[in-house]
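Step one of this worksheet: look at the structure below.
The values are calculated or read from the model by the stated rules, or taken from the named source; none is laboratory data. Note that this is a predicted model, so its numbers are computed, not measured. Cβ: placed from backbone, ideal geometry, glycine included. Neighbour counts: every protein chain shown. For the accessible areas, the whole protein counts, side chains as well, though only heavy atoms, and no ligand, DNA or RNA atoms are used. Shrake-Rupley method; radii C 1.70, N 1.55, O 1.52, S 1.80 Å.
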Amino acid sequence: MHEYPVTTELHNQCVNIITRLFNAPLGEGEAGVGVGTVGSSEAIMLAGLAFKRLWQNKRKAQGLPYDKSNIVTGTNVCWEKFATYFEVELKEVKLREGYYVMDPQKAVELVDENTICVAAILGSTLTREFEDLGNADSRGRSEWWVYCTVLVSGARMGFPVNFG
């Protein structure tokens, strides 16, 4: 970062533009936090590691086991790689005939105290459909769902969707 200060400043400005575009809850004077990557696979690896570390630190502070994390996602080869490389159980919501995105209700049902995040895709590369977790009914699962991190990856439609 010290080597290319102008590039770093441009990166930080872009992160803050995207942060505001998605209405992230920032306090007065707070800046958005993000990482620029070449592709979505790299972004998934970095985000997944961040989620895993946050979950582990929270569990350690509570005196709870922190060695059996999982991730809930639809069918996505990048998350399969992440789960394999970083020793995280993959809880995959299987696609079915005529429904080619993650079913939000099935995703909620898979969330438990060891879930580091639910990973949705904003614009599937297969159909360009959104995995809409906003329609999930989490009643009865609130003790885990409320504190579960949700990652929305803009694999194909992340940028243009804001202007649709």
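Consider only pairs whose beta carbons are under 8 Å apart and that are at least six residues apart or on different chains; among these, list those whose first residue lies in segment 74-85 and is farther than 10 Å from residue 44 by Cα and whose second residue is open to solvent by 80 Å² or more (accessible area, probe 1.4 Å) and not in a helix (DSSP H, G or I).
If the second residue must be open to solvent by 80 Å² or more (accessible area, probe 1.4 Å) and not in a helix (DSSP H, G or I), the pairs left are 75/94; 83/89.
Can you pull out every residue in segment 61-86 that is part of a strand (DSSP E or B) and at pLDDT 90 or above? Let's see the steps before the verdict.
Within segment 61-86, the subset part of a strand (DSSP E or B) is 70-73.
Within segment 61-86, 70, 71, 72 qualify.
Here is a yes/no grid of residues against (1) touching a Gly at 6+ places or on another chain (Cβ under 7 Å); (2) at pLDDT below 85:
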site: 20; (1), (2): no, yes
site: 59; (1), (2): no, no
site: 93; (1), (2): yes, no
site: 96; (1), (2): no, yes
site: 100; (1), (2): no, yes
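Quick check: is even one residue across segment 104-126 over 15 Å from the mean Cα position of the chain (by Cα), closer than 27 Å to residue 11 by Cα and not aromatic (Phe, Trp, Tyr)?
Yes: segment 104-126 contains one or more residues that are over 15 Å from the mean Cα position of the chain (by Cα), closer than 27 Å to residue 11 by Cα and not aromatic (Phe, Trp, Tyr).
Of the conditions (1) in contact with a Leu (Cβ under 7 Å, 6 or more places away or on another chain); (2) under 30 Å from residue 7 (Cα atoms); (3) outside any helix (DSSP H, G or I), residue 47 satisfies every one except a single condition; which number is it?
(3)
So the check is Cβ under 7 Å with 6+ separation or different chains; which pairs have a first residue in segment 20-33 that's within 16 Å of residue 10 (Cα to Cα) and a second one that's modelled with pLDDT under 80?
32/24
Restricting attention to segment 32-85, and to residues there that are surrounded by 14 or more Cβ atoms within 10 Å (Cβ to Cβ), more than 27 Å from residue 96 (Cα to Cα) and charged (D, E, K, R), which single residue is farthest from the chain's Cα centre (by Cα)?
This residue is 59.
Go through segment 34-58 and give me each residue that's under 14 Å from residue 117 (Cα atoms) and without any contact (Cβ under 8 Å) to a residue 24 or more places away in the chain. Step through it out loud before you land on a result.
In the first step, residues of segment 34-58 are kept if they are under 14 Å from residue 117 (Cα atoms); the result is 44-56, 58.
Once the filter is applied, which keeps residues that are under 14 Å from residue 117 (Cα atoms) and without any contact (Cβ under 8 Å) to a residue 24 or more places away in the chain, segment 34-58 yields 46, 50, 53, 56, 58.
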